[in-house]
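> Handing you this structure, nothing more for now.
FYI, it's all coordinate maths here, none of it is from the lab. Here the structure is a predicted model, which is why all the values come from computation and not from measurement. When we count neighbours, we look across all protein chains shown, and the Cβ atoms used for this are built from the backbone with ideal geometry, even at glycine.
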């Protein structure tokens, strides 16, 4: 459970991460605006940058809000649900969810080619899945405040959504691993390896924060917070390394 001091402490780390994501997204798009793969990575990485910026704002803001949606009681402690912070959280979730589905779609493009990825059934299935995922996460996820603490309230619904996000990344990595095994050329394998490593770091960051939450070690947030966000930042860097020279299958 982050305190106000811890939330302010994390601002520089999140700011740097957001700037790196936005910068990398623009660089990727500029390299080849017509490439579907570049477009998808641009949208995905840009969306995560926006998510991080909103996340950077909403947690400190929740400490100072005086307007609340309602209150909930958890283990005899009453927690308020700040209005504006939760609106920002809902918007952030819409952007954050694009990263997982975008990376899955990018893996499909790399594994099966653009023609296959452009099929209506593929786009529709991913679009509907994203709407369900984002909608359910917004419904279950809530930011709560009590005393000097602000946190995301974890419940069964939140757990299911996090698990679903992990599965999406696992499938994306699986497709990349299949593609990796198809080639013997070391240069191509290195490029695909960067995609695998970048996506794995993003997945690792999610799993890391889930484990930190289960272990309830908020006293070490000054250490765990930067570690998790560093993993996410490095993920974008390796994706950039993988895309700076387009793959020719």
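> Cα axis of helix 186-215 to longest principal axis of the chain: angle in degrees, 0 to 90, nearest 10?
For 186-215 against the chain, the angle is about 10 degrees.
> Report the relative contact order of region 4-243, percent, no decimals, based on alpha-carbon pairs under 8 angstrom and at least 6 residues apart.
21 percent
> Evaluate Rg over Rh across region 4-243, taking Cα atoms for both radii and Kirkwood's formula for Rh. Mind showing how you got there, number by number?
Working: Rg = 18.6 Å, Rh = 18.7 Å.
Here the Rg-to-Rh quotient is 0.99.
> Assign one of three labels to region 1-91, namely rounded, prolate or oblate, based on the Cα gyration tensor with a ≥ b ≥ c the square roots of its eigenvalues; rounded applies when a/c is under 1.5, prolate when it is not and a/b is larger than b/c, and oblate otherwise.
Values: a/c = 3.71, a/b = 2.38, b/c = 1.56.
Taking the square roots of the gyration eigenvalues as a ≥ b ≥ c, region 1-91 is prolate.
> Relative contact order for region 20-124 using alpha-carbon pairs under 8 Å, separation at least 6, rounded to a whole percent?
On the way: 111 pairs, mean separation 29.7, N = 105.
Result for region 20-124 is 28 percent.
> Along the Cα→Cβ direction, 7 angstrom out, place labels at residue 91 and residue 125. What is the inter-label distance in nm?
Using points 7 Å along Cα→Cβ, the separation is 3.4 nm.
> Please say if region 154-227 is rounded, prolate or oblate, where rounded means a/c under 1.5 for a ≥ b ≥ c the square roots of the C-alpha gyration tensor eigenvalues, and otherwise the choice is prolate for a/b larger than b/c and oblate otherwise? Walk me through the numbers on the way to the answer.
Details: a/c = 5.32, a/b = 1.93, b/c = 2.75.
Note, shape of region 154-227 comes out oblate.
> A further question follows. Given 0.36 nm per residue, what is the gain on full extension from residue 167 to residue 207 after removing their alpha carbon distance, in nm? Mind showing how you got there, number by number?
Details: separation 40, 0.36 × 40 = 14.40 nm, distance 1.12 nm.
Stretched out fully, the residue 167 to residue 207 stretch lengthens by 13.3 nm.
> Hey, another quick one. Rank by packing, highest mean first: peptides 24-30, 219-225, with packing defined as the count of other Cβ atoms within 10 Å averaged across residues.
Values: 24-30: 18.3, 219-225: 14.7.
Taking the mean over residues of other Cβ atoms within 10 Å, the ranking is 24-30, 219-225.
> Let me ask something else about it. Which residues in region 195-238 place their backbone N less than 13 Å from a point set 7 Å from the Cα of residue 3 along the Cα-to-Cβ direction?
Residues 218-222 qualify, since their backbone N sits under 13 Å from the label point.
> Follow-up question, since we're still on this one. For a quick protection proxy, order the peptides 88-97, 177-186 by their average other-Cβ count within 10 Å, most packed first. Could the numbers behind the result be given before it?
Working: 88-97: 20.3, 177-186: 12.5.
So the peptides 88-97, 177-186, ranked by packing, come out 88-97, 177-186.
> For the pair residue 182/residue 237, report the inter-label distance in nm, with labels modelled 7 Å from Cα in the Cβ direction.
My value for the distance between the label points is 3.0 nm.
> Tilt of helix 156-182 relative to the longest C-alpha principal axis of the chain, in degrees (0 to 90, nearest 10)?
20 degrees
> Mind running the shape call on region 114-249? Use the C-alpha gyration tensor, a ≥ b ≥ c as the square roots of the eigenvalues: rounded below 1.5 for a/c, prolate if a/b tops b/c, oblate otherwise. Let's see the in-between values first.
On the way: a/c = 2.97, a/b = 1.53, b/c = 1.93.
Oblate, since a/c reaches 1.5 and b/c is not below a/b.
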